Protein chains: 2
Amino acid sequence: MAAAEALRAWRSLLGDERVLDDAATLHRYAASTSSCSTRPLAVLRPRSTPEVQELVRIAAAHGTPLYPISTGRNWGYGDACAPSDGQVIVDLGGMNRILEASAELAYVVIEPGVTQGQLSAYLREHGLPMWMDSTGAGPDTSLMGNILERGFGHSPYGNRFANVAGMRIVLASGEVLDTGFGHFPGAVNQRVFPYGIGPYLDGLFTQSSFGIVTSLGLWLMPKTEALNHFLCGVAEHEDIAPVVDALRPLRMDGTLRSILHIGNDMRVISGGAVYPRDKAGGALPLPQALRREMRAAAGIGAWTVSGALYGSKAQVAAARAALRKALRPTRASLRFLDEGKLDLAGRVGKLLGNTTAGRKLRANVQLGRSLFEMNRGVPNGRFLAGAYWRRRAGLPPDFPEHANPAQDNCGMLWVSPILPMRGDDLLRLHRLAEPIFHKHGFDLFVTFSMINERALGGVLTVAYDKEDAEEVERARACYSELFEAIMQAGYIPYRVGLQSMARLDRGGDSYWQTVARLKAALDPQGLIAPGRYDGRGIKA
Amino acid sequence: MAAAEALRAWRSLLGDERVLDDAATLHRYAASTSSCSTRPLAVLRPRSTPEVQELVRIAAAHGTPLYPISTGRNWGYGDACAPSDGQVIVDLGGMNRILEASAELAYVVIEPGVTQGQLSAYLREHGLPMWMDSTGAGPDTSLMGNILERGFGHSPYGNRFANVAGMRIVLASGEVLDTGFGHFPGAVNQRVFPYGIGPYLDGLFTQSSFGIVTSLGLWLMPKTEALNHFLCGVAEHEDIAPVVDALRPLRMDGTLRSILHIGNDMRVISGGAVYPRDKAGGALPLPQALRREMRAAAGIGAWTVSGALYGSKAQVAAARAALRKALRPTRASLRFLDEGKLDLAGRVGKLLGNTTAGRKLRANVQLGRSLFEMNRGVPNGRFLAGAYWRRRAGLPPDFPEHANPAQDNCGMLWVSPILPMRGDDLLRLHRLAEPIFHKHGFDLFVTFSMINERALGGVLTVAYDKEDAEEVERARACYSELFEAIMQAGYIPYRVGLQSMARLDRGGDSYWQTVARLKAALDPQGLIAPGRYDGRGIKA
């Protein structure tokens, strides 16, 4: 059998300990927050680009499809799972070297296994005056995995793909392709200019199945003299629309260079609590009165905007003034956090001891510190709490240390429509989504992120109880209805989970036909990640 | 004969007046500032995407290669010329509609023929509060043509390709491909998020031969409250290095959001004069003493840095302070221009009347105004003056109105290495280039532009007299030696002229092999712009 022969060849290449097909391993890699996980045939763990080249050649010889993952923490979108059963996972987590770091030109070159926590620690330990852009997915997630999915973080470098300069890719032929200027012998400009000369290919290798990226150059943000975090809130739902419209010009003119996040009450509430099953009397979704109560307890309104200002002290002061002025005509409250304020609040919180006010203040200080640290590229798992909202067992005792929603059997599906950055579009999408969530018994968690100067990236979370088969069914139905609703409304998502890959080609679409042609040119056997953003989708 | 049949079919599609193959037309399209122009077989002038689709199908049926141009003003890099003789030029200049304009989301959708002057006027006439990014190539050049060559301008939107959202492309099959979200029926987010979902393809259609782009979304910069231009100069050559190193952190931290240009003395001198043949007694290059004299007359030193600050008044003030502080340890002078100062100087200039001081001040005011206007997206041909440096007839009487160096028979070749943004690299490249220019009897004109936060884009001009056959030969030799020198030193260029297309593949290069594979997948007959950045090059 081809697979057995391939396994033999891989074992002779990598050794038994790096070719795994025991049941426990396969079970672990199949773990998913999603409702449709798949099971790999085996797991390979290469440690170098030449090993990846060799294992790809073996796959080609035997026609066995490969599914590369970095750390496999693509939570909410399919985790480590391939689009279909029986693909061989190439776990690149063992390739976790930081190959180069330049403080002068502010970049690093990383392998797929380099995690947020690792790079953040590396910069600190080596005293490099740069901040990593961090997502909310915690310290154990791969930077490259997220970048290749075109994920986004929080800082001015949050549009992560826009900060990539030079990729090394193993193609399905086993050849190595260096993009940008990297393929010119002796090039000294590879990491400072992404495009190179000739067709700019990097985009081809994001959200795709065209190759296995084994390293890339990543620009980092030099530390700034000053950093302020700000929180801005509105009490009532509709009041968020004018706030979006007031912030858009500041995002466009560079006053707000970081990726602002606009979260609804549930998004904040779920950060500190799980679904209060008893208090709600099992009612689904959360009763409106209880939601209001929790909102009040958290000291928030319907929406909270969170962002950061970077620059010299004078620049941050100018930005603060511009922000205050822009928000004046709206109903938004505005608070600035700096380190001095956090320290002071921390001391007061201690003084207040074990009182309600003391506990609340300390919790707020802790949240503030986490936000502050994340803006400086120190990742924190606490922003994953939403995934645990309906989990029967609640948050694990060691949360947020190394939170892993997939291994913790959380139920979570993400839907990520892109909207024009306008208050009206936010409200329209919300009006579309809320009844679907409620109809299926779910609470709508939503964040809208100002991922560039013109677009909001929505992330709607269907958080569900994976131990309740009926709820799993409802989650699937809710997701499906929601997905079709955003496609109908023209709010096409920027990223999808496995369950939607096959639903992206709406028929006779020349884009997907072009993708299929390019795929055939680079990977005629369909060896790498078949079904992943290739317009063909998975088996039904 | 296939070509004759194709011409007949095109004539029946477009009418006789839009299919041209008379000698005068072919001669006009063959005009080039370069030393190696090519002659087209014919020129087609479609007016719509469906016409482009149809003419591509005709080309496919008859196997006649097409060379699409926007306005054909790719000066210094080959102008309107195809990589080889006998290609059929598809002149898209007649497709010059501005299809959409949104002030709210700050973008336009343009066709290939839309020129800098046209868009600039459109914004002004419609009272749209946005600034176009302008290059120095004057009002008659195509925006799209420059974008697809990955050219750069001056403003914070100067990295032009990074501001494209959604392309419409006619493929060699005659099919239309909409990139980004544009291929989803009813998408409302096509112009606010370039990547779409799935592989991001736009990069494929820049510096390439993979398709004919017939429209694209272009983000524009919203007007800011304040705008300051600054000029910063150093007297001696070596003093520019610490200035680059002092400015780099400001470019990285967003204080300097625009593309700064660092020009040598010759670059500035050539803006107001042509080679003083008589005074130099025919000596080539310009004698050092005369160069010093012209430098003094222009009131400049060895290097001049030119850039702009954008934002609210407070932000611009903060940026000015940061700039002053950063430059303090260097030997640079620093001057700020705002509109008030220019008005005042203009009035003083008038008062001084026809004196030397009066003339000099008025010339400086005019230059200041042109720089200022360019920062606001009003293009000006005067920055093309360098092309006329060695032209026997000097500047045309109507210069800079509609300057056209190719039709004016200027000799100009551009070499555009990319450097890490470091003073040392600038000096190293200069040390490499200057002897080559002087050896061949040319003056080194050079600009280094801070095209992103980490790279300098050098533009070295070989300006030569096209009426002097011996000088043409020397220009060719100078270019060739220079090109090899930068490749050897690892300062790979971001863009090349026709004469270097074939020299980009240094042999056995997997990047160019990949490009060839992709080309074969999208254009198996090699119909579109064969030889253009495809690793195959032109016939020798």
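Step by step: first the residues of region B:340-375, then only those that are touching a residue at least 40 places away in the same chain (Cβ under 8 Å) and open to solvent by 30 Å² or more (accessible area, probe 1.4 Å), then the one that is nearest to the other protein chains (Cβ to nearest Cβ). Which residue is that? Quick ask: steps written out before the conclusion?
Step one: filter region B:340-375 for residues touching a residue at least 40 places away in the same chain (Cβ under 8 Å), giving B:360, B:363-364, B:367-368, B:371-372, B:374-375.
From the residues that got through so far, the ones that are open to solvent by 30 Å² or more (accessible area, probe 1.4 Å) too are B:360, B:363-364, B:367.
Values: B:Lys360: 36, B:Ala363: 33, B:Asn364: 30, B:Leu367: 27 Å.
Result: B:Leu367.
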Legend entry - Residue ID - nearest to the other protein chains (Cβ to nearest Cβ), chosen from residues in region A:502-518 that are within 26 Å of the chain's Cα centre (by Cα) and open to solvent by less than 10 Å² (accessible area, probe 1.4 Å): A:Tyr511
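Within region A:23-55, which residues are in a helix (DSSP H, G or I) and more than 23 Å from the chain's Cα centre (by Cα)? Before you say what the answer is, go through the steps one by one.
Restricting attention to region A:23-55, the residues satisfying the condition of being in a helix (DSSP H, G or I) are A:23-30, A:49-55.
The answer is A:Ala23, A:Ala24, A:Thr25, A:Leu26, A:His27, A:Thr49, A:Pro50, A:Glu51, A:Val52, A:Gln53, A:Glu54, A:Leu55.
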Legend entry - Residue selected from region B:459-492 under the condition under 22 Å from B:Gln407 (Cβ atoms) and in a helix (DSSP H, G or I), by the criterion farthest from the other protein chains (Cβ to nearest Cβ): B:Ala469
Inset, instruction - Looking only at region A:304-320, decide whether some residue is more than 23 Å from A:Gly158 (Cβ to Cβ), of a type outside the set (Lys, Arg), free of Cβ contacts under 8 Å to residues at least 60 places away in the same chain and away from chain B (no Cβ under 14 Å). - result: no
Legend entry - Test: B:Ala246 is in a helix (DSSP H, G or I) and among the small types (Gly, Ala, Ser): yes
Legend entry - Extreme residue, nearest to the other protein chains (Cβ to nearest Cβ), among residues of region A:180-193 that are within 16 Å of B:Asn452 (Cβ to Cβ) and not hydrophobic (A, V, I, L, M, F, W, C): A:Asn189
Inset, instruction - Output the residues belonging to region B:286-301 that are open to solvent by less than 30 Å² (accessible area, probe 1.4 Å) and either among the hydroxyl-bearing types (Ser, Thr, Tyr) or under 27 Å from the mean Cα position of the chain (by Cα) (or both). - result: B:Leu286, B:Arg291, B:Arg295, B:Gly301
Inset, instruction - Check off (1) assigned to a loop (DSSP other than H, G, I, E, B); (2) open to solvent by 10 Å² or more (accessible area, probe 1.4 Å) for A:Gly93 and give me the number that stays unchecked. - result: (1)
Legend entry - Any chance B:Pro276 is out of contact with any Gly (no Cβ under 8 Å at 6 or more places or on another chain), more than 8 Å from chain A (Cβ to nearest Cβ) and either farther than 30 Å from A:Ala520 by Cβ or surrounded by fewer than 23 Cβ atoms within 10 Å (Cβ to Cβ) (or both): yes
Legend entry - Filtered residues of region A:431-458 (kept if touching a strand residue (DSSP E or B) at 6+ places or on another chain (Cβ under 7 Å), away from chain B (no Cβ under 14 Å) and outside any loop (DSSP other than H, G, I, E, B)): A:Ala433, A:Phe445, A:Val446, A:Thr447
Legend entry - Which listed residue is open to solvent by 10 Å² or more (accessible area, probe 1.4 Å), among the small types (Gly, Ala, Ser) and at pLDDT below 95, from A:Ala2, A:Ala9: A:Ala2
Inset, instruction - Output yes when any residue across region A:162-181 is open to solvent by 10 Å² or more (accessible area, probe 1.4 Å), under 22 Å from A:Leu256 (Cβ atoms) and part of a helix (DSSP H, G or I), and no when none is. - result: yes
Legend entry - Subset tally (residues that are open to solvent by less than 50 Å² (accessible area, probe 1.4 Å) and either acidic (Asp, Glu) or under 25 Å from the mean Cα position of the chain (by Cα) (or both)) for region B:230-240: 6
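Every residue, every condition in (1) buried (at least 23 other Cβ atoms within 10 Å of the Cβ); (2) at pLDDT 95 or above, yes or no:
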{"position": "A:Pro417", "(1), (2)": "yes, yes"}
{"position": "A:Met421", "(1), (2)": "yes, yes"}
{"position": "A:Asp424", "(1), (2)": "no, yes"}
{"position": "A:His430", "(1), (2)": "no, yes"}
{"position": "A:Ala433", "(1), (2)": "yes, yes"}
{"position": "A:Gly441", "(1), (2)": "no, yes"}
{"position": "A:Phe445", "(1), (2)": "yes, no"}
{"position": "A:Ile451", "(1), (2)": "yes, yes"}
{"position": "A:Leu456", "(1), (2)": "yes, yes"}
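Look at A:Arg495 and say whether it is facing chain B (nearest Cβ under 7 Å), surrounded by fewer than 17 Cβ atoms within 10 Å (Cβ to Cβ) and assigned to a loop (DSSP other than H, G, I, E, B).
Details: facing chain B (nearest Cβ under 7 Å): yes; surrounded by fewer than 17 Cβ atoms within 10 Å (Cβ to Cβ): no; assigned to a loop (DSSP other than H, G, I, E, B): yes.
Considered against the rule, which asks whether it is facing chain B (nearest Cβ under 7 Å), surrounded by fewer than 17 Cβ atoms within 10 Å (Cβ to Cβ) and assigned to a loop (DSSP other than H, G, I, E, B), A:Arg495 comes out as no.
Sort out which residues of region B:1-39 are of a type outside the set (A, V, I, L, M) and within 22 Å of B:Arg476 (Cβ to Cβ), and write them in order of number.
Looking only at region B:1-39, we keep the residues that are of a type outside the set (A, V, I, L, M), and these are B:5, B:8, B:10-12, B:15-18, B:21-22, B:25, B:27-29, B:32-39.
Once the filter is applied, which keeps residues that are of a type outside the set (A, V, I, L, M) and within 22 Å of B:Arg476 (Cβ to Cβ), region B:1-39 yields B:His27, B:Tyr29, B:Ser32, B:Thr33, B:Ser34, B:Ser35, B:Cys36, B:Ser37, B:Thr38, B:Arg39.
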Legend entry - In region B:194-226, the residues that are more than 8 Å from chain A (Cβ to nearest Cβ), more than 20 Å from the chain's Cα centre (by Cα) and in a loop (DSSP other than H, G, I, E, B): B:Pro194, B:Gly211, B:Lys223, B:Glu225
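For region A:262-269, check the following and say yes or no: at least one residue is in a helix (DSSP H, G or I) and among the polar types (S, T, N, Q). Before the answer, list the steps.
Kept after step one, since they are in a helix (DSSP H, G or I), are these residues of region A:262-269: A:265-269.
After this cut, where a residue has to be among the polar types (S, T, N, Q) as well, the list is none.
Checked against the condition, which is being in a helix (DSSP H, G or I) and among the polar types (S, T, N, Q), region A:262-269 yields no hits at all.
The values are calculated or read from the model by the stated rules, or taken from the named source; none is laboratory data. The model shown is predicted, which means the values in this text are computed figures rather than measured ones. Don't worry about glycine lacking a Cβ; one is built from the backbone with ideal geometry, like all the others, and counts go over all protein chains shown. All accessible areas refer to the heavy atoms of the entire protein, side chains included, with ligands and DNA or RNA removed. Shrake-Rupley method; radii C 1.70, N 1.55, O 1.52, S 1.80 Å.
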